[in-house]
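A short worksheet on the structure shown next.
FYI, it's all coordinate maths here, none of it is from the lab. Small disclaimer: the values here were computed from a predicted structure and weren't measured. Note that we place each Cβ from the backbone using ideal geometry, even for glycine, and neighbour counts take in every protein chain shown.
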Amino acid sequence: HKHLLGIEGLQPWEINYLLDEAEQWIEFNRLPAKRDERLHGLTQINAFFENSTRTLLSFEIAGKRLGADVVNMGVSQSSVKKGETLLDTALTLNAMHPDVIVIRHDASGAVQLIAEKVGCPVLNAGDGRHEHPTQALLDALTIRRRKRRIAGLTVAICGDILHSRVARSNFQLLGALGAKVRAVAPPTLIGEDTDRLGVDVYTDMDKGLDGADVIMMLRLQRERMSGAYFPSTREYFRFYGLTQERLAAAKPDVLVMHPGPMNRGVEIDTAVADDISRSAITEQVEMGVAVRMACLDVLTRSRRGVEGWV
Ligand code: CP
């Protein structure tokens, strides 16, 4: 693969390969001095057409720790605000001879469109409702380290499935590695593709959490809900918020996850989010840097004359 546009199309061995590659960076990132020079001389552009805290920062940190020259383009400072089209922006970035481009965009498919126009590897940092592959990889790494496996685990992905690229990438990744994956959501926020992705659907939160090994909570994405069903936060929390009481339905050693940003008191209660015996939320962020280092390394190998993965 030249690009990493989604989990769709990756073979299970390729997913496991990226997870295995990420393992080496976890301890490395805990060292006081963290510098590897394998991307020395390479230019990495992070083009973010949509806001981000975790993904942008961790891609920047990942590139810098591997020795790349990293530059960020945020939409608010760019000429996109002056009406430049996506394709013209892509051709402009390409003319600067980057060696890898990381892109986030609010339109599904926009990252693929840019990938077709540029000469270097492109990594999808989240496109609309479509995919967020490095998020699913970091989630899988977190689960694998905590539970020592993924196959056979019951994973309940709960909340605003309809608008979630995180859910769509995780359905595919966790399914490919043999987990039993559930979508737990109000009927209006489930979306159309759960059948295609082989996911069991629950509209009752307590039933959906029953016997779960892992619970992954999702943010209610109000910014993508114009004109659509828009539940009140109080009503939503009452029926779909994750509380300590609700957790009783899951396995006693259940792992609680959230990709962030969290809306406390909307989809997750503060007591659950901060319960470090079960919550892996900050660990997910830590795994994100390791996974992004692995992806940047693997995807730039052919440019560096190093044997790639396929
Ligand atoms: N999980 C995630 O993608 O967070 P950001 O939007 O802050 O990057």
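At a glance:
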item: Relative contact order [Cα under 8 Å, 6+ residues apart], the stretch 1-91, whole percent; result: 26
item: Taking the chain and dividing mean pair separation by its residue count, relative contact order in percent (alpha carbons under 8 Å, at least six apart); result: 20
item: Most fluctuating residue given options 103, 26, 161, as computed from a GNM of the chain linking Cα atoms under 10 Å; result: 26
item: Cα-based radius of gyration of the stretch 47-128 once divided by 2.2 N^0.38 Å, which approximates compact folds; result: 1.02
item: Length gained when the stretch residue 248-residue 107 is fully extended (0.36 nm per residue, less Cα-Cα span); result: 47.0 nm
item: Beta bridges by DSSP in the chain, antiparallel share as percent, to the nearest 5; result: 5
item: Where the Cα pairs of the stretch 182-252 fall when distances are cut into 10 Å bins, in %; result: 17, 50, 29, 3
item: Amide H partners (placed H, <5 Å) of residue 125, local residues excluded; result: 103, 104
item: Residue-span extension gain [residue 26 to residue 78] - 0.36 nm each, minus C-alpha spacing; result: 15.4 nm
item: Distance histogram in 10 Å bins (all Cα pairs of the stretch 92-235, percent per bin); result: 11, 37, 31, 16, 5, 0
item: Length gained when the stretch residue 222-residue 97 is fully extended (0.36 nm per residue, less Cα-Cα span); result: 41.3 nm
item: Convex hull volume per residue for the stretch 1-155, taking Cα atoms only, in Å³; result: 127
item: FRET E, pair residue 69, residue 270, Förster distance 41 Å, beta-carbon r, rounded to 0.05; result: 0.50
item: Over 17 Å [Cα-Cα, the stretch 201-310], rounded percent; result: 63
item: Residue with peak Gaussian network fluctuation, the chain [Cα springs, cutoff 10 Å], from 184, 199, 155; result: 199
item: Estimated [θ] at 222 nm from DSSP helical runs (n ≥ 4, -39500 (n - 2.57)) normalised by residues in the chain, nearest 500; result: -10500 deg cm²/dmol
item: Along principal axes, Cα extents of the stretch 246-310, largest first, whole Å; result: 52, 24, 16
item: Where only C-alpha atoms are counted, convex hull volume of the chain per residue in Å³; result: 131
item: Debye intensity ratio I(q)/I(0), log10, the stretch 93-178, q values 0.11, 0.19, 0.24, 0.25 Å⁻¹ (C-alpha model); result: -0.37, -0.86, -1.10, -1.15
item: For the chain, built as a Gaussian network whose Cα springs stay under 10 Å, the top-fluctuating residue of 109, 175, 41; result: 41
item: R0 of 30 Å, Cβ-Cβ distance residue 277-residue 232: FRET efficiency to nearest 0.05; result: 0.45
